[in-house]
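Notes for the one structure printed next.
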Amino acid sequence: MHRLRILSLTTAAAALAVMAAACGGDDDDGGSITVYSGRSEALVAPIIEDFTEETGIKVNVKYAGTDAAAALLLEEGGKSPADVFFSQDGGALGAVREAGLLATLPGSITGLVPEQYRASDGSWVGISGRSRVVVYNPGLINASDLPASYKDLTSAKWKGKVGWAPANASFQAFITAVRKVDGEDAAKAWLEAMAKNDAKTYANNNAIVSAVASGEISLGVVNHYYLWGLIKDQGEINAKNHYLAAGDPGALVNVAGAAVLKSAPNKSGAEKFVEYLLQKHAQEFFAQETFEYPLANGIATDPRIKPLAELKPPAIDLSDLDDLAGTLALLRSTGVLK
Amino acid sequence: MNWAALRPARKAPAALWLPGLLAVALTFIPVFYLALRSTEDGWSPWSRAFHTSVPQLLQRSLWLAAVVALFCVAVAVPAAWLTTRADIPARRVWSVLLTVPLAIPSYITALAVVAFLGPKGMLQGWLEPLGVDRLPEVYGFWGAAFTLTCAGYPYVYLVVRAALASADTAEEEASRSLGVSPLRTFFAITLPGLVPALAAGILLSVLYTLSDFGAVSLLNYSTFTRDIFIEYQSSFDRTGAAVLGAILGLVTLLILTSELGVRSWLARGRKRRQAAVRLVPLGRWGVLALAFLSIAVSLALVLPVGVLIYWLINGLRANADFPALAPAVRHSVEMALAGAAITVALAFPVAILSARYGGLLARAAEQAAYVTHALPGLVVALALVFFGIRYATGLYQTVWMLLLAYVILFVPNALSALRGTLVRQPANLEDAAASLGKGPLMAIATVTAPLARPGLAAAFALVFLTIMKELPATLILSPPGYQTLPGLVWSRSTDALYAGAALPALALIAVAAIPVGLLAWKGDIGALES
């Protein structure tokens, strides 16, 4: 009985502590904004601290996956407490825009970013860019044998050697680009040929890069920065990035972007924040920490990485990559996503 | 509607049926939400689901759940018997080691399994000098089954072990003293008494498998839950996801009905053990028993913790960034303590209602709780978002919303621990108390609760660690800026910052393991004393 009493006392104390924490309000003067971030804390928190220091605006951040944050925004609708949605990919921004939840950003903000990296209606703006690449193991593949187009990956010489992540948002954006550029039938045929060629399925891009580095597979289709993140975490690894030919859907450049909610309780604070993400300081930070392409203010990419100006992505309006349901249906019907 | 049928067979005091009613009401939040969302586009998403993914997903999910349950029982029952009935050395240590893997989330076990057992994983690296160039594929069905068994067998072990520890051993001893072999005694006498515990354990493991996301996604095996996540992730299709969620809920209901069938023919009101247990000498089988236990512990505990420590050391050497731990530890512990206390407080009356009074309400409360338990945390979280933002604006995005989600998700964990203990208690003790003029509530307070103490403690520890591990609902419902341990592990590992993920992961496991480890440690003393 004694133990039980101690137990109930501890929990009562804990409950009180929680209550106190819940009731303690934050009455700061500089105003505050709430950010739903699909980008992880390690990549965002330092910039947010600097923003608060500079502007006096307090930032409450909710870190969740981009998909979870988008689902949350859709469920909350017009009553969302969020001011800003910072998304890992364009598709999620498109889905939230479709639901009519995004405000139009002022031209002074959208104007900071080249046209192809923002929504045509000004509802969101790209913050950093990422290129699709083929990551390969130089110990297993000669540079001269590398594919020029995503189409070459169905060749018999890559049978069982290519990794992909069909459940991943960035892969699905790439498939949507294939559908746009080469047509529905070509996309279907390619997926089927890849499945027949025994492409290896992984949970995400990181898993693919690790598998390439370990020699589990020879190459994989991923975004360019995962390689550099892994090198930063683990030192030199046995993997390199290869950029596909000009205009190839496999060379798609997509963005991580930000938007202000229509229902934002603090719209001006929200706009200041989005603008801050495009300032020199934040853009430099993203370039150094995430190895993505800075999109504003002419900040240079990490010198080891092929610069943005030299990339030759397919000519696609990113806003046109919004038929995710169609891509998902295609992945299901071809049995690529089981 | 015949309201009389809702009332229990014996008249239950309001202090019991009110919590029962509350449990049902809470459960209806996600059920109502699913009903609403899954029908908002008419029946076409349903027919589309049934014509495309559902039959296959159903088969895949159930097949995985069945195999995992079988594996879990195959590991848990011998392990539980060895640590309660056999003369193996350091029995208490083994009990603790077999129990604490409960504290390891399946996504961490899965990360470790891939890193260690992958075709070019750490194990292959060790075997390379022996000419092993590549290990067989770890992804897919067997990899997922293996991972979920490692992560899930302790649930079955705990339930079976609790049943063995509190069971009356007089018949077993009589059997053995008459010269019947321990093995035959086990099958003829011990095992039949374990049926309720086994049924509860299997049910938990099946629900665990059905609602798991971490292991199946990392090991790339498609189940209902993974597909629900993919619907959200890829097309932000809430209707499609809700249809799948609703079907998953219905399937769970079917499983529950069959579990109740099993329960109805099991022996009731077995006596509590009076005398001390006489341990079975294993003799030369002892080595085999120790080997079995060592393998079970190595796979479920040493493997994931070892990989985490390896990452941590690597990160320390490479000067990696480590996240600040203190706030995350504090938040996670606060939530887990408060959540476990509320959950157990709600589950206890429901368990008494179910074990002593029966009736439709008791059954509804129990079943409803289990149905939500099989739903992915994401769905329950979104249901609470839906209701919170409309009807509980003051609570929305506060820790209370999060606590509510934990209660809804984990009442079944508490129920299964409590119900087993209660069924095992002789109800006639309470009747005796009542005949001595004590009211039913006094009887519960003075007789039932003290006797159910082990069950209460187990339920608390179980819910505590489950909350510590919970990820999807925690991410969605915690207030902005509220960092938690699973949140940190998740964010670092999705960035492939494995060193940074290893530190909070180890902290999570250490904290979550404390109550359940203590329980396992004390458990043996209790069994020997009484």
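Observations
- Criterion: open to solvent by 40 Å² or more (accessible area, probe 1.4 Å) and touching a helix residue (DSSP H, G or I) at 6+ places or on another chain (Cβ under 6 Å) - qualifying residue of B:134, B:176: B:176
- Selection of the stretch A:284-306 for residues being without any contact (Cβ under 8 Å) to a residue 24 or more places away in the chain and over 19 Å from the mean Cα position of the chain (by Cα) yields A:298, A:299, A:300, A:303.
- Entirely in the stretch A:160-241, the helices (runs of 4 or more DSSP H) that have 3 or more residues that are facing chain B (nearest Cβ under 8 Å): A:205-214, A:225-234
- Tally of residues being assigned to a helix (DSSP H, G or I), more than 8 Å from chain B (Cβ to nearest Cβ) and not aromatic (Phe, Trp, Tyr) across the stretch A:50-78: 9
- Restricting the first member to the stretch B:289-301 and to residues that are in contact (Cβ under 8 Å) with a residue 40 or more places away in the chain, and the second to residues that are among the small types (Gly, Ala, Ser), the beta-carbon pairs closer than 7 Å and six or more apart or on different chains are B:289/B:86; B:293/B:79; B:296/B:79.
- Filtered by the rule that a residue be open to solvent by less than 70 Å² (accessible area, probe 1.4 Å) and at pLDDT 85 or above, the stretch B:315-328 gives B:325, B:327, B:328.
- Considering only residues in the stretch A:140-158 that are more than 29 Å from the chain's Cα centre (by Cα) and small (Gly, Ala, Ser), the one that is least open to solvent (accessible area, probe 1.4 Å) turns out to be A:155.
- Residue match in the stretch B:376-389 (condition: more than 14 Å from chain A (Cβ to nearest Cβ), more than 24 Å from the chain's Cα centre (by Cα) and either of a type in the set (D, E, K, R) or more than 30 Å from residue A:236 (Cβ to Cβ) (or both)): no
- Flag for residue A:176 being within 30 Å of residue A:113 (Cα to Cα) and not charged (D, E, K, R): yes
- Among the residues making up the stretch A:308-338, those that are more than 14 Å from chain B (Cβ to nearest Cβ) and either hydroxyl-bearing (Ser, Thr, Tyr) or open to solvent by less than 50 Å² (accessible area, probe 1.4 Å) (or both) are A:308, A:311, A:313, A:314, A:316, A:318, A:319.
Residue by residue, here is whether (1) of a type in the set (D, E, K, R); (2) farther than 30 Å from residue B:106 by Cβ; (3) not in a helix (DSSP H, G or I) holds:
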{"position": "B:136", "(1), (2), (3)": "no, no, yes"}
{"position": "B:180", "(1), (2), (3)": "no, yes, yes"}
{"position": "B:186", "(1), (2), (3)": "no, yes, no"}
{"position": "B:205", "(1), (2), (3)": "no, no, no"}
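- Cβ pairs under 7 Å, 6+ apart, first in the stretch B:142-158 and assigned to a helix (DSSP H, G or I), second charged (D, E, K, R): B:148/B:212
- Inter-residue pairs, beta-carbon under 6 Å, first at negative phi and more than 9 Å from chain A (Cβ to nearest Cβ) and in the stretch B:114-138, second outside any loop (DSSP other than H, G, I, E, B) and β-branched (Val, Ile, Thr), 6+ apart: B:116/B:307
- Answer residue from the stretch B:76-100, given it is of a type in the set (A, V, I, L, M) and within 12 Å of residue B:161 (Cα to Cα) and is most open to solvent (accessible area, probe 1.4 Å) among those: B:96
- Single match in B:515, B:479 (criterion: under 27 Å from residue B:408 (Cβ atoms) and not in a helix (DSSP H, G or I)): B:479
- In the stretch B:342-362, the qualifying residues are those that are under 14 Å from residue B:417 (Cα atoms) and open to solvent by 10 Å² or more (accessible area, probe 1.4 Å), and the one that is farthest from the other protein chains (Cβ to nearest Cβ) is B:354.
- All of B:57, B:98, B:82 fail the test of being of a type in the set (A, V, I, L, M), under 20 Å from residue B:241 (Cβ atoms) and in a helix (DSSP H, G or I), apart from B:57.
- Any hit, the stretch B:403-414, residues being more than 10 Å from chain A (Cβ to nearest Cβ), over 27 Å from residue B:36 (Cα atoms) and over 22 Å from the mean Cα position of the chain (by Cα): no
- Filter result for residue B:70 (under 19 Å from the mean Cα position of the chain (by Cα), surrounded by fewer than 23 Cβ atoms within 10 Å (Cβ to Cβ) and in a helix (DSSP H, G or I)): yes
The values are calculated or read from the model by the stated rules, or taken from the named source; none is laboratory data. Predicted, not measured: the structure shown is a model, and the values here were computed from it. Positions of Cβ are backbone-derived with ideal geometry, glycine not excepted, and every protein chain shown enters the neighbour counts. We work out accessible area using only protein heavy atoms, side chains counted, and drop any ligands, DNA or RNA first. Shrake-Rupley method; radii C 1.70, N 1.55, O 1.52, S 1.80 Å.
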